[in-house]
Amino acid sequence: MSYHCPFCRSTETHGVYDNASLCSKNLNLNPCDPCKRLAELEIQIIKARETLLEMQREAQRLKSEMNYNHDHLIHRLPPEISSDIFQLCIPREMAGFAPVTLSSVCQKWRQIAHATPQLWTTIVFSDGLQYHDELSVSRLVQEWIDRSGQLPLSIVLFVKLKDGSCYVNQDVIAVINQCSSRWRDLIYEGSPYSLRYLVGDSQGASQLQNLKLHVGVAHWPFKLGDFKPAPTTLEIAGFDLKSVVIEWNNITHMQASPIYVDDCWELFRIAPRMTHCVLRGVLESKARNPFPRPNTPILHPTLQALELSIRSDVFDLFHKNVSLPSLQSYTCDVHGDRLETESLISLFLRSSCSLQTLALSDVKLDVADLVKLSRVTPDLRHLGLASYYRYPGITESIFHRFSNASIITSTDSETNHALFPQLQSITYNGALPRPRDWKLVPDIFGSPSDVHNTHRRPLRSLTLSSPLVSRQKNDLIIDKDTLSRMLSLVARGIKLKIEQENPRVDVLQQSIEFHADDSVLGESRRGSHT
């Protein structure tokens, strides 16, 4: 039968129980022999424990000496140099628990890590994790913040639903709120219900630069008391503009999804410094109190890059009500019926912008559409087209139009009718050309002998890729003569990439291997590697 301590019930606790009380019924009031031997054994156990502790301390000291002897870097460098090395080990975007890992190597590393506040400026907390002691977690977060000194902080919060209900560690949120004046980056993802606890302190969030809020549907606004932060970068999902209480004047980079079209117009009104904007899932407004529709197109003077994912039924409505004179990059993915290019062309014409990059996804375009776009975007450098399901991709007529205009004549230059005369690269994702149409691909660049012609369109790169699986393997074999012409272009510095994505097939390489025994092709292939 085990001997249990009456206080903690442990069989490992010695020297607490009064052994003499076991012999209290002895008439002589003297302990019996077993009690005497147990008392003597208790003394030996206490001494053995003290000896064990001393041995453990000695082992720890020897380990520290071993670390010093075996570590020829950190232990021998000045602490400030070691601190700089530690900082280089931490990923800038997501430090996570890397500082704890560094602190766990040895005592010297822990001292250096704890004395380097730059290591502790990113706090990542997830309520989806199971913590043994939630109070100790809040203390850990407080210690983490204390080690960061007074440096700006990056706060990352992942708050999930547990057992179908919302749960949040309010002790942790309270600790984070107390340092809101030091927030530089704030990322919140998860339950919309817990967002109401993130209110900051009386000093607000004056240093906040980057704000990211992702919830399903916002039930509470994001509001830091009476203080309005003024971030430069904002990314929201599940919010309308009215639910994000900030100063909008400083926004330069914006991303929102989904978003109503009237919110888009309001965004252009209230964020005059915005240079980059991504709007995904632009929908027709269904709000009870939508922002007013503009009477005249809203002029946004600084927007340089616009990326849209928009329904076709609001495409015209959106584009007819904005003017973007600084626009350099435009990307659009249309969902729904066929896109009418007239409103897009009118936007570019009205804006008088010098567009450099144009990318259109799943859009039906014919030669006439491209010619119209070319006339209003004469400075275009990069063209991206994608077509997956509904519409054919680069058609034979488009290939011919590009090849016929590979050399820019003086008449073309004067009348501005040349097809994208400044174009440098074409990227296309969709169905690859049919086997009989492979010969049209090199024609886009004109004759290989004209590659360095000063009157030639400066096209230097063509990428054709397809997410679709070809029905037959031979569909991905380029005929010998066309392949030879392609390799001649590659040998002259043209970047040509043709591939099937899944499973991945490098069509050029596969065709080279298929025609490997051909001597003429071999000569072109050797030229392409010189």
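Before moving on, here are some points about what is shown:
- Qualifying residue in segment 240-261 (condition: of a type in the set (A, V, I, L, M) and more than 30 Å from CYS353 (Cβ to Cβ)): yes
- Selection of helices (runs of 4 or more DSSP H) fully inside segment 26-111 by the criterion of at least 3 residues being modelled with pLDDT of 80 or more and within 41 Å of the chain's Cα centre (by Cα) returns 79-89, 98-103.
- Residue in segment 242-255 that is closer than 20 Å to ILE310 by Cα and open to solvent by 30 Å² or more (accessible area, probe 1.4 Å) present: yes
- Residue count for segment 260-279, restricted to those that are part of a helix (DSSP H, G or I) and open to solvent by 40 Å² or more (accessible area, probe 1.4 Å): 2
- Sub-6 Å Cβ pairs linking a first residue in segment 271-291 that is charged (D, E, K, R) to a second residue that is outside any loop (DSSP other than H, G, I, E, B) and surrounded by 15 or more Cβ atoms within 10 Å (Cβ to Cβ), at least 6 apart or interchain, are ARG280/SER257; ARG280/SER309; GLU284/VAL314, ordered by first then second residue.
- Note on segment 280-299: residues that are open to solvent by less than 100 Å² (accessible area, probe 1.4 Å) and in contact with a Pro (Cβ under 8 Å, 6 or more places away or on another chain) amount to 4.
- Some residue of segment 428-439 being more than 26 Å from VAL363 (Cβ to Cβ), modelled with pLDDT under 90 and assigned to a helix (DSSP H, G or I): no
- Residue match in segment 485-506 (condition: within 21 Å of LEU380 (Cα to Cα), modelled with pLDDT under 85 and open to solvent by 90 Å² or more (accessible area, probe 1.4 Å)): no
The values are calculated or read from the model by the stated rules, or taken from the named source; none is laboratory data. As the structure is a computational prediction, the values presented were derived from the model and not from experiment. Cβ coordinates were reconstructed from backbone atoms using ideal geometry, including for glycine residues, and neighbour counts include every protein chain displayed. The accessibility values were calculated without ligands, DNA or RNA, using every heavy atom of the protein model including side chains. Shrake-Rupley method; radii C 1.70, N 1.55, O 1.52, S 1.80 Å.
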